[in-house]
Amino acid sequence: MMLGWLFNLDQKRRKLLEQAPEGPVKEFLRTDFPDRGLPIDEVPLLAMDFETTGLDARTDHLLSVGHVALQNGRVLLGSAHHQIIHSNREMADENISIHRITHDQVANGMSLGKAVESILGELTGKVLLAHHAKVEISFLQQACKRLYGIAPVLPAIDTMQIARKRLERRQQPFKANELRLFNLRKQYGLPAYQAHNALMDAIATGELFLAQLAHGNYRRSPPLKNFLLNP
């Protein structure tokens, strides 16, 4: 079942490539996804986080994006990038207090088109890594649909799903709160960090994934297919 989905993922990429208009989304789809049999520590990853006004990609909007590359078991801090995204829509007071992004910053942020073009460029040839990756996938796909009329397929790894599966294998009840990023980091002895900042959350996610791998008791680096998110 899992292998069938993986094959379908690349088949869907090729089909979408035929339909995609010239531009960033077509360039993204032109590049093969990393081989599913590649050892995970050799797979180029992009840990990414979006700060948004809510969780519904159809009605809410992006405030900022942060991302950092991972390669060979390391978080490449030199690749770290943070960008506030322009919007004309009013933000609720709670968005300002939670994300510490002001109206002026959003008004002067990068246009959605340029931001998405940059994100797709960084993701090309890589696998998306996120905590509760459904948020990043849905918002990026919705933005692409709005800008280019097509939503690309995105190979992704979800650190929350990895944690959930490990807890479920214990066959013991657990609270949803245990799956929050800062609580999982605490379980692995990782330091506290400033939450609700897109770049800090992306770096925190990358570090968590490396800790999950380190505590997986693997004799050798497992293949990418063992971690890919199955939608």
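No lab work stands behind these numbers, since they all come straight from the coordinates. As the structure is a computational prediction, the values presented were derived from the model and not from experiment. No Cβ is skipped: glycine too gets one built from the backbone with ideal geometry, and neighbour counts run over all protein chains shown.
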With each pseudo-label sitting 7 Å past Cα toward Cβ, what's the D56-D32 distance in nm, one decimal? 4.2 nm
Cut-off under 19 Å on the C-alpha distance; same-chain residues fewer than 8 positions from K114 excluded. Which lysines are left, in chain and number order? K26, K145
Using R₀ = 22 Å, calculate the FRET efficiency as 1/(1 + (r/R₀)^6) where r is the Cβ-Cβ separation of N183 and N226; round to 0.05. 0.40
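Can you sort T159, T124, T53, T31 so the residue with the fewest Cβ neighbours within 10 Å comes first?
Fewest-to-most ranking of T159, T124, T53, T31: T31, T124, T53, T159.
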Would you please give the FRET efficiency between N88 and H196, computed as 1/(1 + (r/R0)^6) with r the Cβ-Cβ distance and R0 = 22 Å, to the nearest 0.05? 0.45
The farthest towards the positive end of the charge dipole of the chain, of the residues L123, N108, N177, given +1 on Cβ of Lys and Arg and -1 on Cβ of Asp and Glu, is N177
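Rounded if a/c is under 1.5, else prolate if a/b beats b/c, else oblate: with a ≥ b ≥ c from the C-alpha gyration tensor eigenvalues square-rooted, which is the chain?
Oblate, since a/c reaches 1.5 and b/c is not below a/b.
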To make sure I understand, if each residue's beta carbon is the centre and we count other beta carbons within 10 Å, what order do K12, K175 fall in, fewest to most? K175, K12
If the chain between H103 and N72 were fully extended at 0.36 nm per residue, the gain over the current Cα-Cα distance would be 7.2 nm
So for the pair R146, S111, with labels modelled 7 Å out along Cα→Cβ, what separation do we get in nm? 1.4 nm
Pairs of alpha-carbon atoms within less than 8 angstrom and 6+ residues apart define the contacts here; what relative contact order does the range 2-226 have, in percent? 27 percent
Across the range 209-220, in residue order, what do the Karplus-derived ³J(HN,Hα) couplings come to in whole Hz, using 6.51 cos²θ - 1.76 cosθ + 1.60 with θ = phi - 60° and x for Gly and Pro? 4, 5, 5, 4, 5, 4, 9, x, 6, 8, 6, 9
In whole angstrom, how far apart do the alpha carbon centroids of the range 130-157 and the range 196-231 sit? 19 Å
Under a point spin-label approximation (7 Å from Cα along Cα-to-Cβ), what is the L167-T124 distance to one decimal in nm? 3.9 nm
Once phi is turned into θ = phi - 60°, what whole-Hz ³J(HN,Hα) does the Karplus curve with 6.51, -1.76 and 1.60 give for every residue of the range 146-154, x standing for Gly and Pro? 5, 7, 10, x, 8, 9, x, 6, 9
Residue order, fewest to most beta carbons within 10 Å, for E42, E168, E117: E168, E42, E117
Counting only residues 5 or more apart in sequence or on a different chain, those whose built amide H sits under 5 Å from that of I150 are K145
For S64, which sequence-distant residues (separation of 5 or more, or a different chain) have an amide H within less than 5 Å of its own amide H, given hydrogens modelled in the peptide plane? E51, I85
